[in-house]
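These notes are about the structure you will find just below.
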2 protein chains.
Amino acid sequence: MPVYKAPLRDMKFLLNDVFDYPGHYQSLSSGGNATPDIVDAILSECGRFCEQVLSPLYQSGDEEGCQLNNGLVTTPKGYKEAYSQYLAGGWQGLSAPEAFGGQGLPTSMGLFKQEMMGTANWSFAMYPGLSLGAMNTIQLHGDEQQQQTYLVPLTEGRWGGTMCLTEPQCGTDLGQVKTRAEPQLDSSYRLSGTKIFISSGDHDLTENIVHIVLARLPDAPRGTRGISLFIVPKFLPDGQGGVGERNAVHCGALEKKMGIKASATCVMNFDGATGYLIGSENRGLECMFTFMNTARIGTAIQGVGPAELSYQWALDYARERRSMRALSGKKEPDQDADSLIHHADVRRMLLTQKAIAEGGRAMLYYAAKLADHMVEANTQGNHKLADKYDNKLGFLTPILKGFLTEMGYEATNLGMQVFGGHGYIREHGMEQIVRDTRIATLYEGTTGIQALDLLGRKVLLSTQGGAVREFTFKIANFARKQLTNKQLRPMAVELLKLTAQWNFLTVRVMLAARKDRDAVSAAANDFLMYSGYVTMAYMWLRQATVAVDKLANGGTESSAFYQTKLHTAEFYYERLLPRAQAHATVSVHSTT
Amino acid sequence: MPVYKAPLRDMKFLLNDVFDYPGHYQSLSSGGNATPDIVDAILSECGRFCEQVLSPLYQSGDEEGCQLNNGLVTTPKGYKEAYSQYLAGGWQGLSAPEAFGGQGLPTSMGLFKQEMMGTANWSFAMYPGLSLGAMNTIQLHGDEQQQQTYLVPLTEGRWGGTMCLTEPQCGTDLGQVKTRAEPQLDSSYRLSGTKIFISSGDHDLTENIVHIVLARLPDAPRGTRGISLFIVPKFLPDGQGGVGERNAVHCGALEKKMGIKASATCVMNFDGATGYLIGSENRGLECMFTFMNTARIGTAIQGVGPAELSYQWALDYARERRSMRALSGKKEPDQDADSLIHHADVRRMLLTQKAIAEGGRAMLYYAAKLADHMVEANTQGNHKLADKYDNKLGFLTPILKGFLTEMGYEATNLGMQVFGGHGYIREHGMEQIVRDTRIATLYEGTTGIQALDLLGRKVLLSTQGGAVREFTFKIANFARKQLTNKQLRPMAVELLKLTAQWNFLTVRVMLAARKDRDAVSAAANDFLMYSGYVTMAYMWLRQATVAVDKLANGGTESSAFYQTKLHTAEFYYERLLPRAQAHATVSVHSTT
């Protein structure tokens, strides 16, 4: 099985040429240390770690899976050692505040790290990934003592974290949560109940695990307004940075899953476990939702990373494997057959993967700048500004999470398809990528939930279409500037049409919803996919614009690189973007 | 985990109301015994066997898989006993000639049986399914002695069969086959080489296994014109209907696969194994291709069956599981939340599954009539007529195999999506259906190969577009008749437009191909998908026509059934068929 190669060239193209991250970082207070040299060094070093340490454990982790013995979970062979290296590199604290031992770099840097780690080995990346969720929660809503106690070991990575939301009777519908929290005299709580689907619920990578748990106080109101948030550590802190008494929270079972088998998905039993309230009573869901956007963008990475990985391996295979002759005549006459890549239909599959991986990455990096701004504003106590960026990000989040995970799944299936029957055999790893990626459209809110969040909440309820107007205004301004360039004009014209159509569709659905509220749910999925295709088209025009510029001013050794970018953009507009029209047609003709 | 329920009502709707199978069977010489009563009894009995015997082994077979010990393969627990019941029921010979102990019923009856078996338990159904391939080959190309020796035990099901084509270096490109066959003095051959991906290559269900093997004579020309076909039995026949000496063909390894784990996928080593030539030397590929259409329609079933199964289970779950409230207001106010089915987006997913399963079934049953006619003509020695039907079937085959397996995969993924995170957990069975179905777009020719077969061979090369003209003429005639009906008119108008467009696209691609032959390969996939959507639209209009008629003349207790058929047809036209336009756009704008 091949290994992952960190696509540093593609990443830097986006960072330096398309999105001007150097300038962006200069404008951030946390960006002082993120000079181009430092960013370069960090990306290279992270890439090396992912290529050499995480990627080789990808397949063995799937074969071996996690084991539960006597209530303790062990991760697959090599995971502990890899995690030690991760710890030694200080990777967990990359974007965490220096006050808690982090490196204080911008949030976006953490996202680039997550992308590379998740591409090389998604299951592994989930352990530190879940910890980030716990860290964010405590940082935003914990009191000072909680922050001192938990954030330092979490930032070091000595301790891990989880998010305990789902219960057997409810996942999306958290108002149905039943886990009880009884107040104690010492101001702690005793938690009892069962949580399921808890990623990293137990494992052997860290000396302690900090569970963030949704539970209900005895006198809490019914539904979502009666849910509180608690810290429940596996071991109670000893007050000196170490661990003390074992808490009454245990892994009762490991779920058998389709994929991400090296990630421990636990049933967690709370049997009167000691917990500490975060934030105010009955305000738990609000606390949870404050960093929902970041968590969902973290999951959107799973649309991009596996598409990239599957593309890399499929491309290698298509260059090596020979079958039949190209229709236009022998391409390798001295061989028994031509390489797969000489077949136009195989190139279609590979280019679709490439367009998704690189278009999706651009969407992530575009959003990451907004996340940086939001965090910066929050840090500076400018909540109005933070809200502004959070709203921009909140509009993009369901598009990224919903659209990119669906597209990523398509891309990984195409990679498998390039392998023919061999794609179905485990040793090649292609089917594992498909199985691993399949979860992405389900957790952190299914695609259906993302679609409702986008259309129902972000577009209609909160902004009466304003979110679409604002974003399309921006896109149209950009597209209009490219009309004078011969190579870009066809794409720019198409994109301009789409910005108008997006607003038209929004109004149509709004009117339909006045007659029948279910029309929103009926149209939501197609509206989401439509939005995704247009957003990705914007990203491809931006990339094409840079490529055309570089080629015009160039003749450098990179011209093949830019030529390919331009070609991929054109491929996207010709072969993938037309699907947007099917979604447009459907979203205005959707019986409920 | 729920069990499979044979959809007899839906099947009979197609057989009796839509396609007039009773009349069709009366017109066939093999149809004398296929009276409506007999057909009914057979379908019910087969359904019972699939529901009670095969379905319960679906999940356990996946968990346990096949085992290889000392060169012998054992199937999962219960498979042997189930196969005994299959044998006792005489199911293997259902459509086989009476001369060899079969029941001599029409070919289509065998297809209905395969559909139900394949839906209940695809892995199990592959064992007798592969035997049918071997039976067909020997019946069409074997000499009288070969037929006497092999066809009786194969028809009884005492012996099994395989097709040994693929080798490590080649699958699609069989011209690269290397397995050698050395002629012996006794007119037998000694075969040496390695075959991979051999389904049912070894197992414990039958006392003997008859391998049909592609190999190359020492003096054979290179490429596809130097390939011959051989019978290589696991045990040499003892001349009295039993088995004698063990032959030098062994299973060297079992492939580890993404799914269909209860089906033994073997590496088969031929170490000077005794074989017998079928047909003429160097004409092996032609012999293979004579029943390629039937084999591929057999695989097309895998698009329909799993879609049906996944739909059944997702529908049950959507009725039981409660989450959130419908946007249009509480539907079950006395409960904590509404059932999933009250959410329009969930209904979208379920109806998509239903439209694919029932539209796809109609496509199969439509094609099955052509298969009956072809077999009938062959039996009567009317090869000209047989060719005519074979050509009609040959045009539909890649559409059925390519389009339906892709759509089936989509449908099974939607079923999993209805389950949310629970869909990813093995115990619910939904992810198994996805994994099992994934192979369907790969084996028996990938979707890419089907697309090339359709556009390159069947449409352009053989008929210069005539195949499309002929089929669309038929569709348009039918659609035109429905224009006067108010309920059917919108669908009929749309379908008429599509018949014109299909021809237009064909001409466009033909012109593009004159400039660049690779244009065919570049456009093929979208042309295939387009063809599939239009063909399924035709099938849904036919079903809707019957439903409207029944409802108009009705008021029976079945009116809900027909109402749902009409509703599903409208859903298909409104929500799935618009995708055809994206494929149309792309297939005429496909850079190579």
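Overview of values
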| read-out | value |
| --- | --- |
| FRET efficiency estimate (nearest 0.05) - Cβ-Cβ, A:Ala500 to B:Lys497, R0 25 angstrom | 0.50 |
| For residues of B:339-348, the mean tally of beta carbons on other chains within 10 Å | 6 |
| Cα-Cα P(r), segment B:404-524, percent of pairs per 10 Å interval | 12, 26, 25, 25, 11, 0 |
| Angle in degrees between helix A:79-88 and the longest Cα principal axis of chain A, rounded to the nearest 10 | 90 |
| Ranked order, B:Val3, A:Val418 - accessible area, probe 1.4 Å, largest first | B:Val3, A:Val418 |
| Per-residue HN-Hα couplings for segment A:314-326 [Karplus 6.51, -1.76, 1.60; θ = phi - 60°; Hz; x = Gly/Pro] | 5, 5, 4, 5, 5, 7, 9, 6, 10, 7, 6, 10, 4 |
| Straight-distance crosslink candidates among aspartates and glutamates, where the alpha carbon sits under 20 Å from A:Lys497 and sequence neighbours closer than 8 are dropped | A:Glu470, A:Asp526, A:Glu570, A:Glu574 |
| Longest site-free stretch - chain B; sites: GluC sites (Glu not before Pro), DSSP loop, at most 16 other Cβ within 10 Å | B:282-556 |
| Reduced Cα scattering model of chain A, Debye log10 I(q)/I(0), q = 0.11, 0.12 Å⁻¹ | -1.07, -1.27 |
| C-alpha center-to-center spacing [segment B:1-75, segment B:329-354] in angstrom | 31 |
| ³J(HN,Hα) computed for each position of segment B:483-498 - Karplus, 6.51 cos²θ - 1.76 cosθ + 1.60, integer Hz, glycine/proline x | 5, 7, 8, 4, 6, 8, 3, x, 5, 5, 4, 4, 5, 4, 4, 5 |
| Calculated FRET efficiency for the pair B:Lys330/A:Ser462, C-beta based, R₀ 35 Å, to 0.05 | 0.90 |
| Accessible surface of B:Leu351 - all protein chains present, 1.4 Å probe, nearest 10 Å² | 30 |
| Pairs from A:Lys113/B:Lys257; B:Lys195/B:Lys257; A:Lys257/B:Lys401; A:Lys330/B:Lys388; B:Lys369/B:Lys486; B:Lys257/B:Lys401 whose Cα-Cα separation, in the structure shown, is over 23 Å | A:Lys113/B:Lys257; A:Lys257/B:Lys401; A:Lys330/B:Lys388; B:Lys369/B:Lys486 |
| Cα-based shape type of segment B:1-159, given that a ≥ b ≥ c are square roots of the gyration tensor eigenvalues and the cut on a/c is 1.5 | oblate |
| Spatial separation of Cα centroids for segment B:119-176 and segment B:383-458, in angstrom | 21 |
| Amide H partners (placed H, <5 Å) of B:Gly161, local residues excluded | B:Ser131, B:Val210 |
| For B:Val493, inter-copy label distances in nm, listed shortest first [label point 7 Å out on the Cα-Cβ vector] | 3.0 |
| Inter-chain Cβ neighbour average for residues A:420-430, partner chain, 10 Å | 6 |
| At 7 Å out from Cα toward Cβ: A:Ser187 inter-copy label distances (nm, ascending) | 9.9 |
| Orphan Cys of chain B, criterion: no other Cys C-beta under 4.7 Å | B:Cys46, B:Cys50, B:Cys66, B:Cys164, B:Cys170, B:Cys287 |
| Ascending list, in nanometres, of distances separating the B:Asn70 label from those of the other copies (7 Å, Cα toward Cβ) | 3.9 |
| 0 to 90° range, to nearest 10: angle between helix A:518-552 axis and chain A longest Cα axis | 60 |
| Amide H within-cut-off set for B:Gly244, under 5 Å, with H built and near neighbours excluded | B:Leu236, B:Asp238 |
| A:Asp516-A:Asn477 FRET efficiency (beta carbon distance; Förster radius 30 Å; 0.05 resolution) | 0.30 |
| Separation of alpha-carbon centers, segment B:488-557 and segment B:216-285, rounded to whole Å | 41 |
| Net length gained if the chain between A:Asp186 and A:Lys388 were fully extended (0.36 nm per residue, minus Cα distance) | 68.7 nm |
| Share of Cα-Cα pairs in segment A:141-205 lying beyond 15 Å, as whole percent | 67 |
| Chain A, closest residue to the rotation axis toward B, by beta-carbon, whole angstrom | A:Ala582, 2 |
| C-alpha long axis of helix A:466-481 to longest principal axis of chain A, angle in ° | 30 |
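The values are calculated or read from the model by the stated rules, or taken from the named source; none is laboratory data. Nothing here was measured: the structure is a model prediction, and the numbers come from that model. Backbone-built Cβ (ideal geometry, glycine too); neighbour counts: all protein chains shown. The accessibility values were calculated without ligands, DNA or RNA, using every heavy atom of the protein model including side chains. Shrake-Rupley method; radii C 1.70, N 1.55, O 1.52, S 1.80 Å.
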